[in-house]
Amino acid sequence: MTPFVDSQKQRVLVVDDEPINLKILGQALSGDYQVLVASNAEQAIHIATTQQPDLVLLDIIMQGMDGYQTCRALKQDPRTVNIPIIFSTSMDSEEDEVKGLEAGASDYITKPYNLALVKARVRNQMQLKKKTDLLEKLVSLDGLTEIPNRRDFEQQFEVEWRRAQRANNYISVCMLDIDFFKQFNDNYGHGAGDICLQRVARTLMDNAKRSGDLVARYGGEEFVVLLPEIDLKEAKLVAERLRESVEALAITHQFSACAGVVTISAGLATCRAGFGMNKGLLLEEADRLLYEAKQQGRNRVIG
Ligand code: GH3
Ligand code: MG
Ligand code: MG
Ligand code: MG
């Protein structure tokens with residue numbers, strides 16, 4: 001897995017109600033970037049939200065919602081708040097520029113265009129965006145296994161919990177812990193232990209792949225899997241598949257009392273969000289069931 005390498009062209013959304021401006025900017029930028037276009041605010045917001053461009057070049061004077069309003073709308077939506085915006089406008093007074101920057105824009109270019117300046121300003125914002133994206137990725141990924149870390153899990157859990165509450169839907173949490181892992185490290189070495197963790201992480205990722213599923217390293221040799229929108233019966237099937245997939249890796253572990261290979265135990269808790277439940281209780285329940293799985297002999301799912 002190479003999550004930090006992105007060879008695709010960055011994408012810029014150009015918003016302007018004059019077709020000629022879209023054409024000029026499109027031609028100037030299409031060599032270096034993938035160019036998306038919108039001719040009004042509603043279109044711009046829709047494209048920004050659904051396609052997540054890396055930068056928006058935004059006209060100010062437009063029919064209907066103007067550029068300032070569009071900018072504020074994009075900055076208020078968590079899905080688009082991190083997309084930088086450059087205003088592109090004929091309103092070139094200093095007050096206009098201040099107003100634009102205060103609305104949340106990162107930069108300002110004026111019409112008629114000096115295309116060399118446009119390109120330079122766009123390039124600066126794109127370079128900055130690359131760095132911000134990379135940092136965002138790094139803070140949410142576990143360094144050893146390159147899967148989401150506990151911090152990311154806590155954030156996603158909050159989002160999914162709220163979603164489940166709104167829909168009065170099921171949500172499941174599965175806590176998984178490698179069996180006799182201290183013995184594995186002690187006998188095969190810490191390096192082998194690290195590789196084992198990477199392989200287990202990878203197979204968990206490969207086997208929990210519906211769009212809302214989230215696998216994260218919770219800490220040490222413990223993982224957590226979030227399974228929204230399925231009931232306990234279905235969640236049990238997933239948890240069992242996860243357990244089997246680890247056993248099927250057939251990583252030799254002569255010092256385990258189970259199966260001679262690396263295995264995991266899992267505790268699975270399901271509820272409908274609401275009804276006196278909260279996220280913390282659901283996690284605690286999964287943890288308690290994991291403990292029970294250990295007590296009952298390991299390499300099993302209890303839920
Ligand atoms: P149980 O079956 O009850 O879970 O026993 P266990 O040996 O797996 O549990 P214990 O909590 O005693 O040991 C966990 C081990 O996980 C100890 C620790 O050194 C190891 N570990 C935690 N994080 C890492 C890591 O990043 N790399 C390696 N190689 N080992 C780790
Ligand atoms: Mg205009
Ligand atoms: Mg363990
Ligand atoms: Mg543990």
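Remarks
- Lys/Arg +1, Asp/Glu -1 at C-beta; the chain dipole; positive extreme among Met126, Ser140, Leu176: Leu176
- Degrees between helix 232-248 axis and first principal axis of the chain (Cα, 0 to 90, nearest 10): 80
- The peptide list 137-150, 54-67, put in order of mean Cβ contacts within 10 Å with the highest first, becomes 54-67, 137-150.
- Solvent-accessible surface of the stretch 92-236, averaged per residue with a 1.4 angstrom probe and all protein chains in place: 53 square angstrom.
- If the chain linking Asp231 and Glu94 were pulled fully straight, counting 0.36 nm for each residue of separation and taking away their Cα-Cα distance, it would gain 43.5 nm.
- Sites Met65 and Arg151, calculated FRET efficiency, Cβ-Cβ separation with R0 51 Å, nearest 0.05: 0.90
- Surface composition of the stretch 252-293: carbon plus sulfur atoms contribute 53% of the solvent-accessible area (1.4 Å probe, protein chains only, all chains present).
- Protein heavy-atom surface of the stretch 138-232, 1.4 angstrom probe: 47% of the accessible area is carbon and sulfur, with nucleic acids and ligands not counted.
- Computed from Cα positions, the angle between helix 279-295 and the longest principal axis of the chain comes to roughly 30 degrees.
- Heavy atoms of Ile109: accessible area, 1.4 Å probe, square angstrom to 10: 10
- Entries in Lys209/Lys236; Lys9/Lys111; Lys75/Lys99; Lys137/Lys236; Lys233/Lys294 that, when Cα-Cα distance is taken, lie over 19 Å: Lys9/Lys111; Lys137/Lys236; Lys233/Lys294
- Shape of the stretch 1-91, Cα gyration tensor, a/c cut at 1.5: oblate
- Dipole magnitude of the stretch 163-303 about its Cα centre (Cβ charges: Lys, Arg +1; Asp, Glu -1), debye to nearest 20: 360
- Dipole magnitude of the chain, debye to nearest 20 (Cβ charges: Lys/Arg +1, Asp/Glu -1, about Cα centre): 640
- Förster-model FRET efficiency, 30 Å R0, Asp186 and Arg241, C-beta, rounded to 0.05: 0.50
- Relative to the longest principal axis of the Cα atoms of the chain, the long axis of helix 41-51 makes an angle of roughly 30 degrees.
- Distance between the 7 Å Cα→Cβ label points at Arg210 and Gln27: 5.1 nm.
- When the solvent-accessible area of the stretch 1-116 is split by element, carbon and sulfur atoms take up 49 percent of it, the probe being 1.4 Å.
- Only one residue of Ala73, Leu117, Phe157 has its Cα farthest out toward the positive end of the dipole of the chain, where Lys and Arg carry +1 and Asp and Glu -1 on Cβ, and that residue is Phe157.
- The residue list Leu57, Gln8, Tyr108 was ranked by how far each Cα lies along the charge dipole of the stretch 1-156 toward its positive end, using unit charges on Cβ atoms, and Gln8 comes out on top.
- FRET efficiency, Leu135 to Arg166 (Cβ-Cβ, R0 35 Å, nearest 0.05): 0.70
- Here the stretch 17-83 is treated with +1 on each Lys and Arg Cβ and -1 on each Asp and Glu Cβ, and its dipole about the Cα centre works out to around 160 debye.
The values are calculated or read from the model by the stated rules, or taken from the named source; none is laboratory data. Bear in mind the structure is a predicted one, so any value in this text is a computation, not a measurement. Reconstructed Cβ throughout: ideal geometry from the backbone, glycine too, with neighbour counts over all protein chains shown. Please note that ligands, DNA and RNA were not included when accessible areas were found on the heavy atoms of the full protein model with its side chains. Shrake-Rupley method; radii C 1.70, N 1.55, O 1.52, S 1.80 Å.
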